[in-house]
1. With respect to Leu57, determine if the residue is touching a residue at least 40 places away in the same chain (Cβ under 8 Å), surrounded by 20 or more Cβ atoms within 10 Å (Cβ to Cβ) and among the hydrophobic types (A, V, I, L, M, F, W, C).
2. I want to confirm something. Restricting to region 84-139 and keeping residues that are modelled with pLDDT of 90 or more and among the acidic types (Asp, Glu), which single residue is nearest to Leu22 (Cα to Cα)?
3. Going through region 65-93 one residue at a time, which ones are within 12 Å of the chain's Cα centre (by Cα), farther than 15 Å from Val24 by Cα and in a strand (DSSP E or B)?
4. I'm checking my understanding of the structure. Among residues of region 94-113 that are part of a strand (DSSP E or B), out of contact with any Cys (no Cβ under 8 Å at 6 or more places or on another chain) and not aromatic (Phe, Trp, Tyr), which one is nearest to Val79 (Cα to Cα)?
5. Right, Val42: under 19 Å from Ala116 (Cβ atoms), at pLDDT below 90, part of a strand (DSSP E or B) and under 16 Å from the mean Cα position of the chain (by Cα) or not?
6. In region 55-104, which residues are over 26 Å from Arg122 (Cα atoms) and touching a His at 6+ places or on another chain (Cβ under 9 Å)?
7. Restricted to region 22-39, and to residues that are modelled with pLDDT of 80 or more and touching an Asp or Glu at 6+ places or on another chain (Cβ under 9 Å), which residue is farthest from Ile76 (Cα to Cα)?
Amino acid sequence: REKRLGRLYCDHLAAVAAGGCLYVVAHCDSTDDTQMGAGSAVLSWRLRPETGSCEELPSATTERSHFAVAALSGMIYVVGGESARSPGILATVERFDPSQGTWEVLPSMPTACSGAVAVARRGRLCVMGGACDDVYGDG
């Protein structure tokens, strides 16, 4: 059964695999200007390859683009990125629990980063690269 959501523009997509499913996370907006406006949100979907089904999941708490995504111990992490609202480049971290269908805000990273990559290694979440801190300062 098809669910119509209206026109939605998504960019900065990322995908991770966890628990036999594929999770796609994207910055989406109801306008096509690619700027974060009033309709901006981080949306996510779960794809179940064995059934071919796709379901929309709850939106992340923090609106952002240019974020990094990784899976660790069955959880989906969204870290860093940029916000059109203050403070710009973000250090915030959110975790999605697929079994509960809920997002949780976690302690922030020590350094704000946008456009970084994230990977799970030996039970730890590693975030590398990107533009960090106030790279868009007054200069």
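1. It is false that Leu57 is touching a residue at least 40 places away in the same chain (Cβ under 8 Å), surrounded by 20 or more Cβ atoms within 10 Å (Cβ to Cβ) and among the hydrophobic types (A, V, I, L, M, F, W, C).
2. Looking at residues that are modelled with pLDDT of 90 or more and among the acidic types (Asp, Glu), I get Asp97.
3. Glu82, Val93
4. Among them, the one singled out is Glu94.
5. yes
6. Glu63, Arg64, Ser65, Glu82, Ile89
7. Ranking the qualifying residues of region 22-39, first place goes to Cys28.
The values are calculated or read from the model by the stated rules, or taken from the named source; none is laboratory data. Just so you know, these numbers come straight off a predicted model, no measurement behind them. Methodologically, a virtual Cβ is constructed for each residue, glycine included, from the backbone with ideal geometry; neighbour enumeration extends over all protein chains shown.
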